[in-house]
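The values are calculated or read from the model by the stated rules, or taken from the named source; none is laboratory data. These figures come from a predicted structure and were not determined experimentally. Backbone-built Cβ (ideal geometry, glycine too); neighbour counts: all protein chains shown. Heads up: the accessible areas ignore ligands, DNA and RNA and are worked out on the full protein's heavy atoms, side chains in. Shrake-Rupley method; radii C 1.70, N 1.55, O 1.52, S 1.80 Å.
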Amino acid sequence: METLKFFFSLFIVEFATEQGGLSADVIKKAFNATEEEFLRLVKRSLPVRPQITSVGSCCLVGAISNDVLYVANLGDSRAVLGRKASGDKENTVVAERLSTDHNVGVEEVRKEVEELHPDDSHIVVYTRGVWRIKGIIQVSRSIGDVYLKKPEFYRDPIFHQFGNPVPLKRPVITAEPSILIRKLKPQDQFLIFASDGLWEQLSDEAAVNIVFKNPRAGIAKRLVRAALQEVAKKREMRYSDIKKIEKGIRRHFHDDITVIVIYLDKHRGSSRNKRTKQNAMGCTMAPVDIYSFNADGGDEDLLQTTT
């Protein structure tokens with residue numbers, strides 16, 4: 001999915017420049033443009049690679065502008081903030097979830113999908129141990145997966161050669177992101193961005209406590225290791241044995257795990273105008289603000305969520 005990352009990074013900078021800074025509208029436009037660009041790629045590739053119609057990806061984005069944090073997502077990758085507790089619990093950390101899991105395993109999401117398709121009693125089906133849209137996919141929002149969004153693709157004879165078509169009256173998944181806007185506060189310590197493979201094994205609270213209580217160097221790898229240890233425990237295996245399993249086969253044991261940890265303390269004060277810093281030993285500091293034209297904006301306490 002490196003192509004999608006490239007497209008999105010270009011679009012968000014382009015639209016932020018056009019509109020004078022970052023906003024929810026800029027982020028939505030970047031998601032829409034990325035989806036459309038991928039759709040054009042699918043159309044070009046269809047004759048030689050029909051399976052590309054079923055290629056899709058979750059998308060999780062974080063950006064900081066004028067000390068305001070923007071988090072947007074499609075699918076079930078998740079962003080979690082670690083912030084210091086107040087009062088008598090100053091030496092503890094609190095987990096604050098910043099993204100929305102678009103997964104029909106979540107009852108609220110399942111009901112949302114069912115309400116959008118009242119004429120389809122099988123829009124969400126429990127199969128192979130989980131809830132799935134049309135018995136196929138767990139996420140209700142993504143980039144790509146165009147065969148579940150565009151009827152013209154499942155009707156195409158080329159696609160019929162690749163797999164079983166899914167009759168659609170209307171798209172069953174979308175590329176509409178959930179967006180949260182939140183003013184950064186002094187007690188905000190770090191952000192964890194991770195794919196669902198991590199969150200299937202660790203709770204938000206467990207993950208932020210690992211980050212809070214351990215050295216910064218190699219912290220993302222430490223979270224991955226903690227998740228794999230949970231997998232080993234559930235399977236009644238040793239961690240070392242899990243690590244030996246080949247990647248293709250490992251997918252039957254756990255989902256892919258991708259983790260980024262960003263520490264926020266270096267973002268405050270005079271560091272606004274400094275370039276991105278990355279510790280050579282594996283911890284990432286908050287990125288430079290490339291979106292705002294006025295880094296001295298108002299200090300209002302922003303909190304806005306768009307789903």
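Structure data summary
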| read-out | value |
| --- | --- |
| Protection proxy ranking, peptides 117-128, 172-183, average beta carbon neighbours within 10 Å, highest first | 172-183, 117-128 |
| The range 77-128 - accessible surface per residue (Å², probe 1.4 Å) | 60 Å² |
| Burial ranking of peptide ranges 13-26, 199-212 (average Cβ count within 10 Å, highest at the top) | 199-212, 13-26 |
| Over 31 Å between alpha carbons, listed pairs 84/149; 29/183; 213/233; 183/221 | 84/149 |
| Nearest-20 debye value, the range 37-131 charge dipole, Cβ charges on Lys, Arg, Asp, Glu | 600 debye |
| Residues whose placed amide H lies under 5 Å from that of residue 132, excluding near-sequence neighbours | 125, 126, 127 |
| Residue 24-residue 245 FRET efficiency (beta carbon distance; Förster radius 41 Å; 0.05 resolution) | 0.45 |
| Net length gained if the chain between residue 84 and residue 112 were fully extended (0.36 nm per residue, minus Cα distance) | 6.7 nm |
| Amide H contacts of residue 174 (H built 1.01 Å from N, under 5 Å, at least 5 apart or other chain) | 141, 142 |
| Fully extended contour minus Cα-Cα distance, from residue 217 to residue 260, at 0.36 nm per residue | 14.3 nm |
| Mean Cβ count within 10 Å, highest first, over the residues of peptides 146-152, 237-243 | 146-152, 237-243 |
| For the range 215-227, 3J(HN,Hα) per residue [Karplus equation, 6.51 cos²θ - 1.76 cosθ + 1.60, θ = phi - 60°, Hz, x = Gly/Pro] | x, 5, 4, x, 5, 5, 5, 5, 5, 4, 4, 4, 5 |
